[in-house]
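The values are calculated or read from the model by the stated rules, or taken from the named source; none is laboratory data. What you see is a predicted model, and the numbers here were worked out from it, not measured in a lab. Glycine also receives a Cβ, built like all others from the backbone with ideal geometry; neighbour counts cover every protein chain displayed. Heavy atoms of the whole protein, side chains included, go into the accessibility calculation; ligands, DNA and RNA do not. Shrake-Rupley method; radii C 1.70, N 1.55, O 1.52, S 1.80 Å.
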Amino acid sequence: AKLIPLNELRGRMDELPKDTEILCVCASGSRSGVATSQLSSAGFNPINLRGGMSGWQRAGNPVKKGK
């Protein structure tokens, strides 16, 4: 996993692989949706976690908190 804030994404795309899927995640799915669009336009293969981590938790999926 790699943390890249949305406002840094355009300048850090060189850190990401183009030969594999990239899962974009945020709290609600909104920012990750924007990231998915930016990455797709740049030739990456992104997937947006719709609903974000909030939706993931609401669905009863496990979450590990902390470092």
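Each of 9, 34, 61 was placed along the dipole of the chain (beta-carbon charges, centred on the mean Cα), and the one lying farthest toward the positive end is 61.
The calculated P(r) of the chain, using every Cα pair and 10 Å bins from 0, goes 21, 51, 24, 3 in percent. Note that the chain presents 74 Å² accessible area per residue, ligands and nucleic acids not counted, probe 1.4 Å. Charge dipole of the chain (Cα centre as origin; +1 on each Lys and Arg Cβ, -1 on each Asp and Glu Cβ, all else neutral): 360 debye, rounded to the nearest 20. For residue 52, neighbours were defined as the other residues whose beta-carbon sits under 12 Å from its Cβ, and their charges (Lys and Arg +1, Asp and Glu -1) total +3. By accessible area, using a 1.4 Å probe on protein heavy atoms only, the chain has 50% of its surface on carbon and sulfur.
I need to check one value: relative contact order of the chain, counting alpha carbon pairs closer than 8 Å and at least 6 residues apart, in percent.
Computed over the chain, the figure is 31 percent.
Considering helices alone, the calculated mean residue ellipticity of the chain at 222 nm is -9000 deg cm²/dmol, with DSSP H runs of length four and up weighted by -39500 (n - 2.57) and normalised per residue.
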